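A short worksheet on the structure shown next.
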Amino acid sequence: MKIYDTEGFPNPLRVRIALAEKGATNKVEFVPVDVMGGEHRSDAFKTKNPDATVPMLELDDGTCIAQCNAITEYIDGVFDGPSLMGTTPAERARIAMMNLRAENGLMNAVGAYFHHATPGLGPDLETWQCAEWGNKQKEVASATMAYLDSVLADNEFLAGDSFSVADITAFAGLGFADFAKVDIPESLTNLQAWRAKVAARPSIAG
């Protein structure tokens, strides 16, 4: 199978961490996509992924799967190792809930701020911007950081005692926040400690 992505970008990072957690990084072929050059918006790429986004998974039979959550679910199911999505209905539901909160409230909110209220990826790619919306989403990201800090006051990881896809999404989201200059308050000590712990995992630290 192939993973089309741009190394160093936040959403591709989510998939790369998931692969590493499952010990499967060497079982896929990475195909670089020149996002800065607009390759993701080319007709050839959009034939495979109409979303015009990275990452994208292409299976050996030609099936293409976009969207991080869908790709990660496939990776979690097809490769051995501890599940990143949960094993019981209750675990799966809690992980899915926290993953969506991290994705919508942090990853996507930071993305909206970056693409709308800053120069983003430059005028050739940022063809429409709404600064008011972007700045509002920056507030959402800050509020989500505080919420995640409160969750981590009583939990080792975001969805309980086990590392999950929710932690991957939040970790990548905080990295994106660093890049976009959305400050992570030092007062959020639970979030800061969790981040350091996650950064030390072999799937991230190497």
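Being in contact with a Phe, Trp or Tyr (Cβ under 8 Å, 6 or more places away or on another chain) and without any contact (Cβ under 8 Å) to a residue 40 or more places away in the chain is a description that does not apply to GLY105. Confirm whether ALA141 is part of a helix (DSSP H, G or I) and of a type in the set (Gly, Ala, Ser). Criteria met by ALA141.
Within region 31-83, the set of residues being open to solvent by less than 60 Å² (accessible area, probe 1.4 Å), in contact with a strand residue (DSSP E or B) (Cβ under 6 Å, 6 or more places away or on another chain) and not aliphatic (A, V, I, L, M) comprises ASN49, PRO55, GLU58, CYS64. Just to verify a result, which residue in region 114-135, among those that are surrounded by 13 or more Cβ atoms within 10 Å (Cβ to Cβ) and in contact (Cβ under 8 Å) with a residue 24 or more places away in the chain, is nearest to the chain's Cα centre (by Cα)? Applying the filter and picking the extreme gives PHE114. Tell me, which residue of region 145-196 that is surrounded by fewer than 24 Cβ atoms within 10 Å (Cβ to Cβ), among the β-branched types (Val, Ile, Thr) and at pLDDT 95 or above is farthest from ALA90 (Cα to Cα)? The residue in question is VAL182.
Please work out if LEU148 is touching a residue at least 60 places away in the same chain (Cβ under 8 Å), farther than 20 Å from LEU19 by Cα, among the aliphatic types (A, V, I, L, M) and assigned to a helix (DSSP H, G or I). Here the answer is no, as LEU148 does not meet what is asked. Somewhere in region 84-91, is a residue open to solvent by 20 Å² or more (accessible area, probe 1.4 Å), free of Cβ contacts under 8 Å to residues at least 24 places away in the same chain and either of a type outside the set (Ser, Thr, Tyr) or not in a loop (DSSP other than H, G, I, E, B) (or both)? Yes, the conditions are met somewhere in region 84-91. Here ALA96 passes the criteria (1) open to solvent by 30 Å² or more (accessible area, probe 1.4 Å); (2) in a loop (DSSP other than H, G, I, E, B) except the one numbered (2). Screening TYR4 on (1) surrounded by fewer than 13 Cβ atoms within 10 Å (Cβ to Cβ); (2) in a strand (DSSP E or B); (3) not acidic (Asp, Glu) shows it passes everything except condition (1).
Scanning region 99-113 for residues that are under 18 Å from GLN67 (Cα atoms) and open to solvent by less than 30 Å² (accessible area, probe 1.4 Å) gives ASN99, ALA102, GLU103, GLY105, LEU106, MET107, ALA109, VAL110, GLY111, ALA112.
Of the residues that make up region 146-163, is at least one within 26 Å of THR6 (Cβ to Cβ) and touching a strand residue (DSSP E or B) at 6+ places or on another chain (Cβ under 7 Å)? Yes: region 146-163 contains one or more residues that are within 26 Å of THR6 (Cβ to Cβ) and touching a strand residue (DSSP E or B) at 6+ places or on another chain (Cβ under 7 Å).
Let's see how each residue does on (1) out of contact with any helix residue (DSSP H, G or I) (no Cβ under 8 Å at 6 or more places or on another chain); (2) in a helix (DSSP H, G or I):
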{"position": "ALA102", "(1), (2)": "no, yes"}
{"position": "LEU106", "(1), (2)": "no, yes"}
{"position": "HIS115", "(1), (2)": "no, yes"}
{"position": "PRO123", "(1), (2)": "yes, no"}
{"position": "GLN137", "(1), (2)": "no, yes"}
{"position": "ASN155", "(1), (2)": "yes, no"}
{"position": "ILE168", "(1), (2)": "no, yes"}
{"position": "GLY175", "(1), (2)": "no, yes"}
{"position": "ASP178", "(1), (2)": "yes, yes"}
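The values are calculated or read from the model by the stated rules, or taken from the named source; none is laboratory data. Values in this document were obtained by computation on a predicted structure and should not be read as measured data. Cβ atoms come from the backbone with ideal geometry, glycine included; neighbour counts cover every protein chain shown. The area values use the complete protein model at the heavy-atom level, side chains included, leaving out ligands, DNA and RNA. Shrake-Rupley method; radii C 1.70, N 1.55, O 1.52, S 1.80 Å.
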